[in-house]
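Structure record follows, encoded as structure tokens.
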Amino acid sequence: MTTRVVKARRAIGTPAVGMVLTLVIVTDEENAYDALKAAGDASREHPSRTLVVIKRVSRSPRDRTQSRLDAEVRVGADAGTGETVVLRLHGEVVDHAQSVVLPLLLPDAPVVVWWPVNAPLDPANDPLGALAQRRVTDTYACEQPVKELAARADAYTPGDTDLSWTRITPWRSMLAAALDQVACQVQGVEVEGEEFNPSCELLAMWLADRLDVPVRRTRSAGPGLTAVRMDTDCGPIVLDRADGSLATLAIQGQPKRAVALKRRDTAELIAEELRRLDPDDTYASALRYGVERLKQENGGDAPAKGERNSGEREAVPAPVESVAKGPAAEATAEAPVKKAAAK
């Protein structure tokens, strides 16, 4: 197989290897096209060898005992700026995908494994996940995203990450920048968004973890995250995005301003994750902070937007319990820690 890849590369006149990593996509036939398209778009920023592992379902006991591998090599325009090998596994070889993938990994290059759907509960102990420095899942594609977050926290291993976390990077950056503009003490936070959106839960966990204040989680019709309100001793700070594209940032004593906060597609999310291959300690801290609360309050529904009376802002599920945190030194997205330290 490796020889075929080299011959295909030479046939189009690019004998040099310029790939910076190996991206392994583990998916099914239904989602393979979308995953390949996203990886191809991301390869313009991160030239890589993309290995697409498609596990085909055998319909009869006889088919399940017959192993077969169908492979397709793509180079040039069909593979973005890298090269792509599509591997369709049949029969017993489905349970030994790592033995098929291992010879095709780029030598001395990092490996990233991405499960667009049907990710294992413990990615690091998955045979393919064990080959990678980074393991990317997406709880948004699960039937019960909030419970899936709890399982991810239990099985977390450095190098794990989630596209639901990647989706809130602009929100975290914007909220951190807003707090840098004021010298106020944050007293409480409300996160508003779709009921079963794991990004909303992760943002609430991150704010509770970094600010050490009560965080309320309320529902809205979406799309996705719709608003974050931070109550401070200088007045409220509100980041409101009603249409999934343009948001309004309101800070007490300052004019309202419009900020671009569009919902990003999968290619942009994957490209962001490939920029850093070190463990994401901030994600780990936020994930672990919220798991107990998620387990305890999973059966209780937060009130939807408009269900509260005007004088009942506090009549919501129990706030997140405060947990003392040590000092942290993070980049721009961790700026809220500075405000919490002033307490």
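All of the numbers you see were taken from the coordinates with simple rules; none came from a lab. Note that the structure is a prediction, hence the values are computed from the model and not measured. Every residue, glycine as well, gets a Cβ built from its backbone with ideal geometry; the counts of neighbours run over all protein chains shown.
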Cut-off under 5 Å, modelled amide H: who pairs with D162 long-range = T137
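At a Förster radius of 41 Å, what calculated FRET efficiency corresponds to the Cβ-Cβ distance of R56 and D243, to the nearest 0.05? Could you put the intermediate results ahead of the total?
Details: r = 41 Å, r/R0 = 0.99.
With R0 = 41 Å, the Cβ-Cβ based efficiency is 0.50.
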Cut-off under 5 Å, modelled amide H: who pairs with W114 long-range | V24, I25, V26, V136
For S220, enumerate residues with amide H under 5 Å from its amide H, sequence gap 5+ or separate chain, H modeled in the peptide plane.
-> G193, E194, E195, K305
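With +1 on each Lys and Arg Cβ and -1 on each Asp and Glu Cβ, and nothing else charged, work out how big the dipole of region 46-195 is about its Cα centre, in Debye to the nearest 20. Present the calculation step by step, with values, prior to reporting the outcome.
On the way: 15 positive and 21 negative charges, 130 e Å.
Roughly 620 debye, rounded to the nearest 20.
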With label points built 7 Å along Cα→Cβ from the Cα atoms of D281 and A109, find their separation and express it in nm.
-> 3.0 nm
Report ³J(HN,Hα) in whole Hz for each residue of region 216-230, in order, from the Karplus equation J = 6.51 cos²θ - 1.76 cosθ + 1.60 where θ = phi - 60°; Gly and Pro get x.
-> 9, 10, 10, 9, 8, 7, x, x, x, 6, 10, 6, 10, 10, 10
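Under the 0.36 nm per residue contour assumption, what length would be gained going from the current alpha-carbon distance of L102 and Q252 to full extension? Write out the running numbers ahead of the final one.
Numbers: separation 150, 0.36 × 150 = 54.00 nm, distance 5.62 nm.
Between L102 and Q252, full extension yields an extra 48.4 nm.
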Using the C-alpha atoms of region 154-216, what convex hull volume per residue, in cubic angstrom, is computed?
-> 114 Å³
A correct Karplus calculation of ³J(HN,Hα) over region 50-57, with 6.51 cos²θ - 1.76 cosθ + 1.60, θ = phi - 60°, whole Hz and x for Gly and Pro, returns 9, 10, 9, 9, 10, 8, 7, 7
In sequence order, calculated HN-Hα J values of region 88-99 (Karplus, 6.51, -1.76, 1.60; Hz; x Gly/Pro) | 9, 9, 10, x, 5, 5, 4, 7, 10, 4, 4, 6
Rounded if a/c is under 1.5, else prolate if a/b is larger than b/c, else oblate: which is region 108-148, with a ≥ b ≥ c the root eigenvalues of its Cα gyration tensor?
-> prolate
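At 0.36 nm per residue, minus the direct Cα-Cα distance, what do A183 and T157 gain on full extension? Give it in nm, one decimal, please. It would help to have the intermediate numbers written out before the result.
Details: separation 26, 0.36 × 26 = 9.36 nm, distance 3.65 nm.
Extra length from A183 to T157 when fully extended: 5.7 nm.
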